Structure formats: structure tokens, C-alpha cells
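Okay, structure first, notes after.
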Ligand code: MTE
């Protein structure tokens, strides 16, 4: 249980440092800046803050908050007073209600370990290039989120039978004419026992970057479903209509050729995450002094389970099973490792490929789409073996 005092203290402490971005000479050169509460992240954008996790940080089942990617479409709220903050629930409900943080914190708290991935993770690999944040591999992380179940929060207002979609609105500050970040999810997913109104991440109140004081947590779905700085929930009889539902965050109904235009009527909303793996170590381009090589990485599969991860060191001619680590939780990634002896010194390409319980397999080429969403091509890494 989280006390209100903890929230108030957390709020003022975090918001006080919010604007204090200052350049720092770091090991990532120009890409590195000191961002309070974040450590060694790749800065994809400062306006608005988009931070990518370097792949070598994918070495633990739970990603520390300092290493967790950040994706903001607009300004974070500049003031957030936890004591003043309220969440309203209205629309197709019996009795609209407004809840305080203290009321939410008093409800039964449920925890879900979830791998959160931005739909655009991997967009940098799209050829031809597609506009948007050029994420490579690290717009993903795994955290233990906790808070009341969303369905129990909705029960406070009593959802009418006409309430088929649940709309979330955050407190982001909308610059100029940019449309606000408002999206909806279907009632079936909203009332799933694992969908949360998260107040905590890895055992402490959410930080400002991750949606303090409350966010939706829609496990196994694209990150965009998990609205941060939540302030309003509205029950609708149909999907919310707005920029971030359409044309934003939509996938073609059929595979398309790279570069092909797609009409919005031939698309559907992006929801569940793909099956995916990547290699966290050794690092890209590494020169290794020993012929015995330990390859390590992560694999996840949205609402499905990772069934196996295979490694190839001969450009995909043969594949060998990696060992999956024992930490396991529905919606969470699995760590894996594979030890291999290079036959001789030279250059090698190491590939990783995951398969999930739904029968999905990482494809050997990018499944191009106009927004570069859900790209899950087999991962590859070049190394040089010296000995
Ligand atoms: N919620 C609000 N209110 N505003 C946003 O810009 N970005 C979304 C989602 N929730 C966003 C939001 C996107 S695109 C992603 S991938 C996740 O938040 C990222 O969550 P994180 O920044 O905690 O990693």
C-alpha cells in the first residue's frame, strides 16, 4: 500500500528537477546528457523527451527505472500536485465518479510484470526510411507495475452495456495545434484481470517520466495503449476517434510492399506486440579475444509466451537452441543465453530468432509498413574473433 504522504513527497521531489537537463561529456559522446533519474540512455529527442535503452542494459529480468525507455509525444505536465490530482470516470456509466490518489491507493493492489514496447521500436530498420522517432532496439523494457485493477476502478462508476470502449486522456501539455494524446481500448481488454491503473513501477511510485501519479497498464499491447498521467477515463459506445487512433497507430490489413501507400480504410489499430528477440551482448562490432563466446539477450511475445530462441552463426543455415533463463511471468520477456566456440578466428554474424506459443516466428526480413510499427526482424550482430 502506498501512503498519500509518499505520493506528495514523490511529486514535489520529482517535479523540482524536471527542467534540469544539462549537457554532459559522457561515454556516448553527443548522444549523452544528464537527465535526472536516468542513466546512460540514448537521447532520440529532447523535445519531446524520447530516451532509448542501450541494448547492453537488457541483462536483467526487471529493468531498473533509470534504464527504462521514455516515449513522450508532447510536453510532460509541468505541475502535478498529488493531493490535488483527480481521476474522473464518466461517459457510458451509471454514476460518474471522481477518485483521488488516496482512494485509489486504498483499493486492492495487483502487480503485473510487463514488457512495455513502443510500437515504433525498430523503425530505424525500415527501408525505405519512414518518418518518426528512429528507434533501434531499445524502446522496450520490463517492469513490475502495481495498482488497482482497472476493472475494479470502472466498477466504482458502473459501466453501462453501451460502454464498449474505454478512453484514456493524460495531463500532457499540448503544444500549439497538436492534437491531444487520447486513445481508447476495447472493454474486453480494459476489464481483463491484468489491466491496471498503475501507481507504482518496480516498487516505488511512478516517476514523472513514466506517468506519475497514475497510468494505464495494458499488458502485452503496444506502449501507446498505456496512457501516462491519466486524468480522465470515458466509456464510449465506439472506438475513440482522434489522431492517435487514426491515422496514428494503425497497421495494414494485408502485408504491403516496401514504400507502398496504404489507405486508412485498409488498416486496423495496432494492439498486441509481436514475437521478438535481440542480442544484448557481446556488443555490435566487438573484437573478442577468446573463441568461446557467450551470447546473451532477451525475447518477448506480447500476450503469448516465448517458446524458444534459436541462434545461428552461419547466416541462418543452421539454428541451435539458446537456453531460456528461469525467470518467467506472463507478458514479461525471457532472458536467454547461448555459449558457442568459434571454429577459427575471423568475422562472424550471430543471429537470434524467437518463436512463441501462438506459432509466430521472427521473420528474416523487415515487414515494412508506412509507420514502421511492430518491426520484429531476426536480430543480427557482427563480431570479430581474434584468437
Ligand atoms: N501517455 C501520454 N499521456 N502521453 C504520451 O505521449 N506515450 C505512449 C504511452 N503513453 C504517451 C503515453 C507511448 S507511445 C509509449 S511507447 C509509452 O507511453 C511509453 O511509456 P514510458 O515512457 O513509460 O516508457
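Details
- Residues within the reach of a label modelled at residue 384 (point 7 angstrom out along Cα to beta-carbon, backbone nitrogen below 20 Å), restricted to segment 347-361, are 347-351.
- Three-way shape call for segment 178-282 based on the alpha-carbon gyration tensor, with the a/c threshold at 1.5: oblate
- Scaled radius of gyration (Cα, divided by 2.2 N^0.38 Å) that segment 186-241 gives: 1.15
- For the chain, a Gaussian network of Cα nodes joined below 10 Å ranks 146, 345, 90 by mean-square fluctuation, and the top entry is 345.
- Gained length - residue 84 relative to residue 243, 0.36 nm times residue gap less alpha-carbon distance: 54.3 nm
- Two-decimal Rg to Rh for segment 201-359 - Kirkwood Rh, Cα set: 1.06
- Cα-based shape type of the chain, given that a ≥ b ≥ c are square roots of the gyration tensor eigenvalues and the cut on a/c is 1.5: prolate
- Computed over the alpha-carbon pairs of segment 264-333, the distance histogram in 10 Å steps reads 15, 39, 27, 14, 4, 0 percent, short to long.
- Inter-label distance for residue 319 and residue 364, nm, one decimal - labels placed 7 Å from Cα along Cα-to-Cβ: 1.0
- Approximate spin-label separation residue 204-residue 287, in nm, with each point projected 7 Å along Cα-to-Cβ: 4.0
- A full extension of the chain between residue 265 and residue 357 corresponds to an added length of 30.1 nm, given 0.36 nm per residue minus the alpha carbon distance.
- Note on the chain: with a GNM built from Cα contacts shorter than 10 Å, the maximum mean-square fluctuation among 342, 139, 119 falls on 342.
- In segment 60-132, Rg over Rh equals 1.08, where Rg is the alpha-carbon radius of gyration and Rh the Kirkwood radius from pairwise Cα distances.
- 314, 356 arranged by Cβ crowding within 10 Å, fewest neighbours leading: 314, 356
- Summary of the geometry: segment 187-203 and segment 138-156, compared by the centres of their Cα atoms, lie 3 Å apart.
- Spatially, segment 372-387 and segment 219-287 are offset by 22 Å when compared through their Cα centroids.
- Here the sum of -39500 (n - 2.57) over DSSP H runs of 4 or more residues, divided by the residues of the chain, equals -2000 deg cm²/dmol at 222 nm, to the nearest 500.
- Here 215, 250, 86 are placed in order of increasing Cβ neighbour count within 10 Å, fewest first, which gives 86, 250, 215.
- Among 184-191, 60-67, the order from most to least packed when residues are scored by Cβ within 10 Å on average: 184-191, 60-67
- Normalised contact order of the chain, rounded percent, pairs of Cα under 8 Å and 6 or more residues apart: 16
- 0 to 90° range, to nearest 10: angle between helix 4-16 axis and the chain longest Cα axis: 60
- Shape class for segment 90-217: prolate, because the ratio a/c of the largest to smallest gyration tensor axis (alpha-carbon atoms, square roots of eigenvalues) is 1.5 or more and a/b beats b/c.
- Segment 288-364 - percent relative contact order, Cα under 8 Å, separation 6 or more: 40
- Gaussian network model of the chain, springs between alpha carbon atoms under 10 Å - residue of 55, 174, 298 with greatest fluctuation: 174
Computed from the coordinates by the stated procedures, all read-outs in this text should not be read as laboratory data. On a predicted model such as this, the values are computed, not experimentally measured, just so you know. All Cβ positions, glycine included, derive from the backbone under ideal geometry; neighbour counts span all protein chains shown.
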